[in-house]
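The structure appears right after this line, and notes come after that.
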Amino acid sequence: MQLDERKTKILQAIIRNYLETGEPVGSRTISKYTDLNLSSATIRNEMADLEEMGYILQPHTSAGRIPSDKGYRFYVDALMEEKEREVVEMKEMLVERQDKMETLLKQVAKLLAQNTQYATMISAPQTQRNKVKFIQLSRVDDNQILAVIVVEGNVIKNNILSVEGGLTDETLLKLNILLNTNLNGLSLEEINLGMIAGLKQQAGIHSDIVSEVIDAVAEAIRADEDLEIYTSGANNIFRYPELADQAKASELINTFEEKQQLHELVVDTLADEKNTGIQVYIGDETPIQSMKDCSVVTATYELGDGMRGTIGIIGPKRMDYDKVVGTLRTLQNRLDELYKDK
């Protein structure tokens, strides 16, 4: 069953009222809250339909209704289609350029937490290292060669490889041509076992060098251990009764302190090069186990030259989505603009 205009307005009224109060919403409240001019009885019938369709829940027999995850999802999707809001509180946040990215990002996380009254995170921008740009083998001495691996974003990985008996200039040249001809422009997924076997066969007695170079390529592309994540406002969690339970709050605070799960969220978000918009995760949609009772809203920002990072806001499922989405959209655009001409 599709939601008609009346049901849509009633659902939106329920969600907005619940966002403001955190209390179950009754039909009498909705009759005053909307411009439908409907009786409480008619609204009750519509609310019963919305409950049957899974958009709202009745926590207790005599209580009003609260939004379900499906209801929140409908509200967020409609919001995202309707508008992109700018929030006044963020206008002056990035007026002055910061000399150090770390200082800027810590400031962004702090101001974002103050502005929204939720927990926030922002990752330092990462260079996308998906493809091989260049490989250079050169002699260090008779028993060692230097393998320089350059991947997208001009990230360089140097590896010293041991060799037996030394390599002639002609052999090094042939290995350089072999590796660059076959690997340049490829992602890690495109370097399959068949290709590796073919390269090792062509390298002959130097097949072990090919194996070590490919291992170095994989390490250079996958390297993300230097990912920095800055957080703020974790204590804002205690502002919301549904998250203030000691066990839940402790688990959430630990997630912000340890940052490993946040790290995985950022890596997964940045892995999709097409993901440059705002993502909203509600309840069980949230990829972080400790945040299953929360909503997580993330945005990807770009600083040019393949530099991308993730901004995130974590709060209760009754968070002010309108303000959060608008704030993130504004911040996303400001960060993009701030470094575009650098």
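The values are calculated or read from the model by the stated rules, or taken from the named source; none is laboratory data. As the structure is a prediction and not an experimental result, all values here were calculated from the model. Every residue, glycine as well, gets a Cβ built from its backbone with ideal geometry; the counts of neighbours run over all protein chains shown.
A few comments on the model shown:
- Residue ID - modelled with the lowest pLDDT, chosen from residues in the range 103-137 that are assigned to a helix (DSSP H, G or I) and of a type outside the set (A, V, I, L, M, F, W, C): THR103
- Cross-chain or 6+ apart pairs with Cβ under 7 Å, the range 52-75 first and under 14 Å from GLY22 (Cα atoms) and outside the structural domain of ALA41 (by TED's automatic domain parsing), then surrounded by 14 or more Cβ atoms within 10 Å (Cβ to Cβ) and at pLDDT 90 or above: none
- In the set GLU152, GLU164, only one residue is at pLDDT below 80, under 36 Å from the mean Cα position of the chain (by Cα) and of a type in the set (Asp, Glu); that residue is GLU152.
- Residues being surrounded by fewer than 18 Cβ atoms within 10 Å (Cβ to Cβ) and closer than 21 Å to PRO67 by Cβ - total across the range 289-300: 2
- Some residue of the range 142-159 being acidic (Asp, Glu) and touching a residue at least 24 places away in the same chain (Cβ under 8 Å): yes
- Total residues in the range 36-57, condition surrounded by 15 or more Cβ atoms within 10 Å (Cβ to Cβ) and either within 36 Å of the chain's Cα centre (by Cα) or of a type in the set (Asp, Glu) (or both): 9
- On the stretch given as the range 21-35, residues that are surrounded by fewer than 18 Cβ atoms within 10 Å (Cβ to Cβ) and at pLDDT 80 or above total 4.
- When the range 213-244 is filtered for residues that are farther than 30 Å from ARG308 by Cβ and modelled with pLDDT of 85 or more, the ones remaining, listed by number, are PHE238, ARG239, TYR240, PRO241, GLU242.
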